[in-house]
Structures are given as C-alpha cells and as structure tokens.
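Everything on this sheet refers to the single structure shown next.
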Ligand code: ADP
C-alpha cells in the first residue's frame, strides 16, 4: 500500500488551523493557519519545510479559505489526498469515538451545537465546505469529548436533579481527549509498558488546561465538565469557582449572565489573577522581576493544578507516572517543579537538571531516583486526528 496523506482541519469561529500529515513522516509536509476570516484582514499563512508563505484574502470566509488550502494540500500530497480529519469539539454522548462523516453524523454534530455554541457550528462550516470541494474524499470527525465517554457514571454526573441530565444533557463531558489519548499512549511506549495495562495522571497545559486520569488507555475522569470552563486555572478562564458566584455577582453588581460568562472565560485565569497577561512566558519574566500579580498567578496556577491531579488519583488503581504536555507543560520547567512540590504525599520529586533539559519539544523523564515517573511528552493532536482518520479508512 502506498504511503497515505491526511489533511487535518481545525475550524474556529474566524480561523482554520490545518496540517498535512504523512503516515511515514514525523514532520508535517505542510501546515498553516487562516485567520481573521470574514473580515478585510483575512489572511492565510503556511509553511512548507522552512519556507513560509502568506496570502492576503480580504473578506474571505471559511469556504473561500478552504478553496485555497485544499488544492495546496493536494499538491503537497503528490496529487493524492487520502482523507480529511476534522477536529470537532463536542460529540455529546452520541460519539464515543471518531466517525466517518455522513448526513446522520452532520445532524448529530448540529444537535450537539447547543452544548458548544461557539465551536460546533464553526467545525460544521469547515466540514461542509470541505465536502462540497472534495465530495469523493472520505472525511472523518474526531471529537474532543469522545475519549472521555469511558468515564464511569459516578465521575460524569453532577449532583443536580436527574431531569437536567436525562432531558437536557447536563453532565460532565471533558475535552482535550485527543491530546490526553495521544500522550498517554506515547508515555506507555516511552517507558515500555503495554497501554492496556497502564495508569497515568495527565496535565494538558495550553491556553486551555485540563487534567485526566487514564487507565489502560481509557479516560476514567477529567477536570473539564459540561463546558471547557470547569477545572484548573487556564490562560483567561477561571476554572472552578463557587457555583453561587453567578448569583452573588448578579445580586450585588447587577451583572447579566453574558457579563459573568465573559468575565469567567475571557478576563479570568492567569490574566485575571496577574492583571498582566495570559501568557506563561510573560508571567515568568514578570515574577522574576518581582511582579506580585505574576507571582500570585503562577502560585495559584500550580497549586490548583496539583490539587486537581491529586483528585484524579482517586480514579487510578496505581500510578505509572505523571505526564506534562501542552505549551506550558512541555516548556515550563518552573511550573512542573512547583506543581510537583505540592504532590509530595505521592512521593513525586523532580530532578532539577532533567527538568531543565525538557523544553521545546524534547520528551523525557524528569523524576529523581525513588520518585514515581514524571514525564514530559509533547502532544501532537494533528497526528492523533490523522491516525484516527486512517484507522477508520482501514476499517
Ligand atoms: P493552545 O491551547 O492554544 O494549543 P499551546 O499548547 O500552544 O496553546 O500553549 C500556549 C501556552 O504555552 C501559553 O501560555 C504560552 O505562554 C505557553 N508557553 C509556550 N512556550 C513557553 C515557554 N517557553 N515557557 C513557558 N510557557 C510557554
């Protein structure tokens, strides 16, 4: 069989991230980003090897941008694309794995849009545009939520009246499933244990952050819930707050639901605590220079992360290791060291030199002798989406 190429597409409300994944190459032959879609500033930037290109497309929408991206991907694939893998944020309870897209899958993604009103409609626009441009090409949807459908009911139910679950889907779903799956499989390979007999604590720390308990290759619990706002502190998202905060702010400040939602999702997290930035690199520099807000944001972030990981340990029979991934997890030795200091009760301990070596995509183990394993594993959601697309093509 010839070597296959899958185009991976991740459509946001005004952006499209894309990567061409070749099943035999470790780097992407093509990757890029279309931004500011629907505005006069719309632009596509892409990279082939070291060469970078930019194409300004004033006013272009998702379909117009894809009309440029798809032929480019086809050319880079030597004239033959084998399939397209689409990241879809919310699969609800309907999707326990990836799916070859047909009319019924489109309907189900649409139905789940009420659970992810900002994301699923944008994902659908990308799918529909790609299907009309390449009607003969197999297209697969890979859901952020699907990996967590293996959580037991006692982990995914909220303690609220039952009809809210049975009639309105109010339960914990979890997100970042593609990343949690990818890194827990990689970690098992790295230490030479079978995935189906392994047990991990995972911290995915990007702009959004979540923790996960992965047992035998399956999610048993995760920190995000009905929406990606629940759980640990993130770049601009608060993570857990007292659920009565909404009522308190409405009553004392007269805030609307929309104002409270915007504050919790866009103005909170590292940004809200520091009063400075949502970017961990900026915060590192600032706290080294003595900025008190940056120091507080860093400390709250690490403590709340450790607390979440400790709670995830309840879902594990034993622990093969703790995995750090995502932009912060892969690069910030300071976050890893401080977080692990709060996990002494599990005997976790970081080796300072090994920790300092793992940055910029370097995978490795960073524990001292005698500590359970602590791994830094670069995530690769595009490759995982391509692998799941290929698996469905094979099936
Ligand atoms: P996304 O969730 O958008 O994919 P990333 O996984 O790229 O995000 O992670 C973004 C975060 O990673 C930002 O907070 C950024 O500051 C952080 N980050 C990237 N490089 C470093 C670094 N060298 N040191 C500390 N934090 C970093």
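Just so it is clear, none of the values below were taken in a lab; they were calculated from the coordinates. Bear in mind that the values here come from a model prediction, so they are computed numbers and not experimental data. We place every Cβ from the backbone using ideal geometry, glycine too, and count neighbours over all the protein chains shown.
The packing ranking, built from the mean of other Cβ atoms within 10 Å per residue, places the peptides 5-15, 360-370 in the order 5-15, 360-370, highest first.
From the alpha carbon centroid of the range 146-216 to that of the range 252-294 is 27 Å. Largest GNM mean-square fluctuation among 354, 310, 19, using the chain with Cα springs under 10 Å: 354.
The mean sequence separation of alpha-carbon pairs under 8 Å and at least six residues apart, normalised by the residue count of the range 187-318, gives a relative contact order of 24 percent.
When the alpha carbon gyration tensor of the chain is reduced to an equivalent ellipsoid, the three semi-axes, largest first, read 32, 26, 23 Å.
Could the peptides 81-90, 145-154, 231-240, 286-295 be put in order, highest first, of the mean number of other beta-carbon atoms found within 10 Å of their residues?
81-90, 231-240, 145-154, 286-295
Note on residue 316 and residue 23: the extension gain reaches 102.2 nm, defined as 0.36 nm multiplied by sequence separation minus the Cα-Cα distance.
Below 8 Å between Cα atoms, with a sequence gap of 6+, how large is the relative contact order for the chain in percent?
About 14 percent, as a whole number.
Gain on full extension, evaluated as 0.36 nm per residue between residue 303 and residue 241 minus their Cα-Cα distance, stands at 20.9 nm.
Sorted by mean Cβ packing within 10 Å, highest first, what order do the peptides 387-394, 136-143 take? Could the numbers behind the result be given before it?
Numbers: 387-394: 18.0, 136-143: 21.4.
Most protected by this proxy first, the peptides run 136-143, 387-394.
Using C-alpha pairs below 8 Å separated by at least 6 residues, the relative contact order for the range 10-81 is 23 percent. Mind giving me the FRET efficiency for residue 196 and residue 253? R0 is 45 Å, r the Cβ-Cβ distance, nearest 0.05 is fine. Between residue 196 and residue 253 the formula returns 0.30. For the range 128-182, the square roots of the Cα gyration tensor eigenvalues, ordered a ≥ b ≥ c, give a/c of at least 1.5 with a/b no greater than b/c, which places it in the oblate category. In a GNM of the chain with a 10 Å cut-off on Cα contacts, which of 103, 65, 203 has the highest mean-square fluctuation? Comparing 103, 65, 203 in a Gaussian network model of the chain, the most mobile one is 103. For 359, 227, the sequence from fewest to most other C-beta atoms within 10 Å is 359, 227. Of all beta bridges that DSSP places with both ends in the chain, some 70 percent have antiparallel geometry.
Nearest 5 is fine: what % of DSSP beta bridges in the range 1-92 come out antiparallel, could you say?
Values: 23 of 27 bridges.
Taking every DSSP beta bridge with both residues in the range 1-92, the antiparallel ones total about 85 percent.
Among 163, 324, 182, the largest mean-square fluctuation in a Gaussian network model of the chain, built with springs joining Cα atoms closer than 10 Å, belongs to 163.
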